[in-house]
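Everything below concerns the one structure shown next.
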Amino acid sequence: MTNLIQKVLQLCERQSFVRPVLSNKDSTLLVDYYKFGFAGELLKNNIHQEWLLSMVMNTDENIFPYHSNEAKSGNIIKDLSEPFDYVKKLSSSQLPFGIAETRLNNRDVDSISSQEEARYFQPSKHTTLWACIFARPGSAIQRFYQWQRQRKMWWRKFSAFPGRFSLTDIHNGQDGQLVEIKADFPWGSETVETIQYIGSKPFENIETTEKELFEVRDGRKKVIPHVIESTVTLESTVLTYLCDAYDEPLFLGVPRNVMRFHRKLAPYKASFSASASSASTGEELSQLSLYLTKQLRIAGVSTLLLPDVAKKSLEAQFARNDELGIPYTIVLNDATLKNGIIGLRSRDTTLKEQVHVTDLKSYMEQLLKNY
């Protein structure tokens with residue numbers, strides 16, 4: 001197994017991100033599913049939320065979220081006839097519109113790669129994030145190209161090393177035109193998303209009455225929509241961003257594990273570290289950190305406060321926060337109790353800037369507001 005995967009999985013075990021549950025098939029170890037810890041659950045939810053924002057909220061079309069517990073047949077007519085009918089009525093039969101679906105799936109073990117590292121990106125039990133656009137026939141190809149660029153930008157936006165994500169050439173197959181988004185790693189590249197232009201093929205060779213259900217309007221004309229779809233596996237996306245974020249910069253000549261998550265994906269946005277000259281001062285700083293934590297959480301800033309604030313060295317606290325990928329550490333000391341000044345340490349630069357406690361909430365909101 002590549003050293004990077006080993007290191008990432010060891011850190012994930014140590015900091016409760018995620019652990020692969022393995023199964024054995026024909027003397028080959030496969031990932032049956034991933035068991036998420038507290039940090040991994042938050043990371044997974046943040047990724048899912050950003051996917052929904054991209055696919056549902058920040059799109060040119062009206063794309064509607066949908067969830068089904070039924071097994072997916074792979075036939076778009078059978079799988080989407082019910083939600084399509086509802087969305088069609090809601091959209092007054094006018095193109096374009098779309099559907100975004102979250103679904104639990106099982107992967108055919110025969111389709112899993114034989115490469116050891118790739119298997120970790122292909123768990124048997126996984127969550128599929130699938131979206132499709134029902135587009136106007138005349139503009140569908142243009143939308144297909146546009147969607148490719150948008151999705152590549154989405155992956156790069158959250159990456160510590162954006163250049164690792166790229167688009168493949170278009171592959172022409174029986175089901176239409178296919179493009180993959182790849183992520184480059186030391187052992188090779190992994191497919192993280194597929195985007196496919198299917199056109200009107202799903203609606204060919206079906207009965208007239210069934211085809212009428214999928215007839216929509218392009219202006220005043222009745223047409224059969226052209227389909228563009230995107231498929232992402234949530235668990236492999238989590239692993240992709242874990243591997244992408246992993247870094248080993250030197251601190252005082254010694255390598256330290258740092259997870260450079262984008263602040264929108266980071267499980268926690270802020271945490272606390274404190275140094276105190278006495279036990280009584282340490283208790284006061286702990287109470288102040290509790291008060292500030294409540295203020296930040298009320299403002300929607302995911303904040304981690306642990307009981308060992310002011311009980312461990314600052315460096316030990318920084319090291320743990322860096323492993324958890326926390327972008328900002330709020331540093332308190334004896335002087336904070338006198339002048340109200342705290343240090344706001346950046347994970348990525350390790351530099352601290354001075355902020356007054358009364359400005360902390362608004363300043364953190366501003367830092368996290370934009371991408």
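The values are calculated or read from the model by the stated rules, or taken from the named source; none is laboratory data. Computed from a prediction, not measured in an experiment: that's the story for all the values here. FYI the Cβ positions are ideal-geometry reconstructions off the backbone, even for glycines, and counts take in every protein chain you see. Accessible surface areas use protein heavy atoms only, side chains included; no ligands, DNA or RNA. Shrake-Rupley method; radii C 1.70, N 1.55, O 1.52, S 1.80 Å.
Given R0 = 35 Å, the distance between the Cβ atoms of residue 290 and residue 251 translates into a calculated FRET efficiency of 0.75. The string of couplings for the range 43-59 from the Karplus curve (6.51, -1.76, 1.60, θ = phi - 60°) is 4, 4, 5, 5, 5, 4, 5, 5, 5, 5, 4, 5, 7, 10, 8, 9, 10 Hz, one whole number per residue in order, with x for Gly and Pro. Here percent of Cα pairs over 41 Å apart was calculated from the structure, and among (i) 25; (ii) 22; (iii) 29 it sits at label (i).
Ligands, DNA and RNA aside, residue 209 has an accessible area near 90 Å² when probed at 1.4 Å. Couplings 3J(HN,Hα) for the range 242-247, derived from phi with the Karplus relation 6.51 cos²θ - 1.76 cosθ + 1.60 (θ = phi - 60°), are 5, 5, 5, 7, 5, 8 Hz, where x marks Gly and Pro.
With contacts defined as alpha carbon pairs under 8 Å and 6 or more residues apart, what's the relative contact order of the chain in percent?
Numbers: 641 pairs, mean separation 51.2, N = 371.
Relative CO of the chain lands at 14 percent.
With a Förster radius of 41 Å applied to the beta-carbon distance between residue 23 and residue 316, the computed FRET efficiency rounds to 0.65. For residue 107, the residues whose modelled amide H falls within less than 5 Å of its own, excluding neighbours fewer than 5 places apart on the same chain, are 125, 126. Here each label is just a point 7 Å from Cα along the line to Cβ, and for residue 61 and residue 13 those points are 4.4 nm apart.
Treat every Asp and Glu Cβ in the range 158-273 as -1 and every Lys and Arg Cβ as +1, leave all other atoms uncharged, and give the resulting dipole magnitude about the Cα centre to the nearest 20 debye. Provide the component values of the computation, followed by the final result.
Numbers: 13 positive and 17 negative charges, 137 e Å.
That gives the range 158-273 a dipole magnitude of about 660 debye.
Taking θ as phi - 60° and the Karplus parameters 6.51, -1.76 and 1.60, the scalar couplings of the range 333-342 work out to 8, 4, 5, 4, 6, 9, 10, x, 8, 10 Hz in sequence order, x denoting glycine and proline. Over the range 109-234, the alpha carbon radius of gyration divided by the compact-protein estimate 2.2 N^0.38 Å works out to 1.24. The orientation-averaged projection of the convex hull spanning the C-alpha atoms of the range 170-215 amounts to 4.3 square nanometres. Between residue 78 and residue 363, how high is the FRET efficiency from 1/(1 + (r/R0)^6) when r is the Cβ-Cβ distance and R₀ = 51 Å? Nearest 0.05. Working from the Cβ atoms, E equals 0.45.
Can you give the direction-averaged projected area of the convex hull of the alpha-carbon atoms in the range 299-361, in nm²?
On the way: hull surface 18.4 nm².
The Cα convex hull of the range 299-361, projected and averaged over all directions, gives 4.6 nm².
Amide H contacts for residue 62 (H built 1.01 Å from N in the peptide plane; partners 5 or more residues away or on another chain; cut-off under 5 Å): 98. Once the mean of 1/r is taken over each pair of separate Cα atoms and inverted, the range 261-308 shows a Kirkwood hydrodynamic radius of 11.7 Å.
When the alpha carbon gyration tensor of the range 227-291 is reduced to an equivalent ellipsoid, its three semi-axes come out at 38, 19, 7 angstrom, largest first.
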